[in-house]
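Structure, as structure tokens:
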Amino acid sequence: MFKTHESETLFDRARRVSPGGVHSPVRAFRGVGGVPRFIRSAKGAELEDVDGNRYVDFCMSWGPLLFGHQDEDVAAAVHAAIGRGWSYGTAEPYSLELAELITREIPWVEKIRFVNSGTEAVMSALRLARAATGRNKILKFEGCYHGHADSMLVRAGSGLAEMPVPDSAGVTASTAADTLVAPLRDLPAVKAIFERHGREIAAVIVEPVPANNGLLPQTEEFLKGVASAARASGALLILDEVITGFRVAFGGMAARAGITPDLVTYGKVIGGGFPVGAYGGRADLMDRIAPMGPVYQAGTLSANPVAMAAGLAMLKKLKHGNFYNALENATEGLASEMEKIAAHAGARVKVQRFSSMFWAVMGDVKTDDGVVRAVSEIPSTQKEVYAKSFHRMLGHGIYLAPSGYEVSFLSAAHERRHLDAFLSAFKGALGA
Ligand SMILES: Cc1ncc(COP(=O)(O)O)c(C=O)c1O
């Protein structure tokens, strides 16, 4: 067993000064129990905690680190940027270069605005959609996470798909009432909502590959159906590509599925691990943003030059390298090996994967197509079985996201030996 004395000591101290001892809830290990490991350094695909334990990382800071920790190209760009000063609060050339790269390569992003997080990107895109359409309601999907802006902290209660229930205390009933929620996979339900509320809906927002409540891949038919239902009612389509942008393809899931959004939101990969979010889309919409138009949105640290340099290094490397196929093949190989190991051990595990993300479904999948695509289809055994597996994997030096509803991320820094370590830990975990 690994020693955890130092992590325990720090966690005790942290709980005295911060809620739950953390600065983002899942980090507190509530989903799996036990003490969060305090990480003191990371390199490539590996983490080292304050007790000196080493782990192969499959959480990867929740998605931004497509090239692993301390990628040398991103590091060089960041060091150079710091040498020029780290915040100017005025116009500078670095965000311009990043904006030009993105608008050149992604046709539906005619204009872009940088912010500091995915949450801010979504919040701003929703405000813009409401202003542009003169409508108030937003349609989202059950299980899709779009950050913590008030109006997005609303889910569908089962059987109450159209009855908004705030997920978070502190969200007013009137805010929640403007958020409609549809189940994933279910196009007839989406159409029914549009029939009833079509004229009030400013935008539909969707994670094109939902990856925050398990990995729940949607069919292209579903995504295209949602897009055309939105169009038919005059609502805007916002693709939330905070996870999928630059990860599933340079042009994100919009490029892969051939769907043109009106607005798109980015985060994670776009900042290479630094705090960056962005929203962009049709120029006629984006030109409604201040100072051009009446929709206010601003930020002291927006387009921070160090973060812009990191994002630029990341995106240039992605654009000019050949990473996507290799990452997808490695993920596919890992997932199918996991399923073989599980089958051999007589365990009911299905590994859903998309691009460089994977998620193990722990229990019986009862859907007709054998895929879990909606929250209601996740087996009830998920949380409990995952929690046990998580600790066994951790004990074998594998760091996964500390929640059975979060996906794992592969990076270009994961080498064969890291994948082998994962598989051997997985075998051990199932054996136990
Ligand atoms: C799809 C999606 N949208 C928005 C967000 C919010 O981004 P941030 O955590 O940077 O505020 C996330 C974060 O996980 C996300 O996955």
Considering only residues that are outside any loop (DSSP other than H, G, I, E, B), under 25 Å from Gly147 (Cβ atoms) and of a type in the set (Phe, Trp, Tyr), which ones fall in region 29-79?
Trp62
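Determine whether Arg353 is in contact (Cβ under 8 Å) with a residue 60 or more places away in the chain and in contact with a Pro (Cβ under 9 Å, 6 or more places away or on another chain).
Working: in contact (Cβ under 8 Å) with a residue 60 or more places away in the chain: yes; in contact with a Pro (Cβ under 9 Å, 6 or more places away or on another chain): yes.
For Arg353, the condition - in contact (Cβ under 8 Å) with a residue 60 or more places away in the chain and in contact with a Pro (Cβ under 9 Å, 6 or more places away or on another chain) - is met.
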Could you give me the residue pairs with C-beta distances under 8 Å whose first residue belongs to region 100-124 and is farther than 17 Å from Asp287 by Cα and among the acidic types (Asp, Glu), whose second residue is in a helix (DSSP H, G or I) and away from the ligand (no atom under 16 Å from the Cβ) wherever it lies, and which are 6+ apart or on separate chains?
Glu105/Lys319
How many of the residues in region 20-45 are touching a helix residue (DSSP H, G or I) at 6+ places or on another chain (Cβ under 6 Å), within 16 Å of the ligand (Cβ to nearest atom) and not hydrophobic (A, V, I, L, M, F, W, C)?
0
Working only within region 114-151, note down all residues that are near the ligand (Cβ under 8 Å from one of its atoms), closer than 16 Å to Leu237 by Cβ and surrounded by fewer than 24 Cβ atoms within 10 Å (Cβ to Cβ).
Cys144
Give the residues of region 241-261 that are under 25 Å from Arg288 (Cα atoms) and buried (at least 24 other Cβ atoms within 10 Å of the Cβ), sorted by residue number.
Glu241, Val242, Gly245, Gly252, Ala254, Pro261
Look at region 266-307 and say how many of its residues are within 16 Å of the ligand (Cβ to nearest atom) and either outside the structural domain of Val206 (by TED's automatic domain parsing) or not in a strand (DSSP E or B) (or both).
15
Can you tell me which condition Arg155 does not meet? The list is (1) within 30 Å of Gly272 (Cβ to Cβ); (2) outside any loop (DSSP other than H, G, I, E, B), and all the others hold.
(1)
Taking Ala173 as meeting all but one of (1) closer than 17 Å to Tyr145 by Cβ; (2) among the hydrophobic types (A, V, I, L, M, F, W, C); (3) without any contact (Cβ under 8 Å) to a residue 24 or more places away in the chain, write down the number of the exception.
(1)
Ile243 within 11 Å of the ligand (Cβ to nearest atom), assigned to a helix (DSSP H, G or I) and in the same structural domain as Ala307 (by TED's automatic domain parsing)
no
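The values are calculated or read from the model by the stated rules, or taken from the named source; none is laboratory data. Treat the numbers as computed from the prediction; the structure is a model and nothing was measured. With ideal geometry, Cβ positions are generated from the backbone for all residues, glycine too; neighbour counts draw on all protein chains shown.
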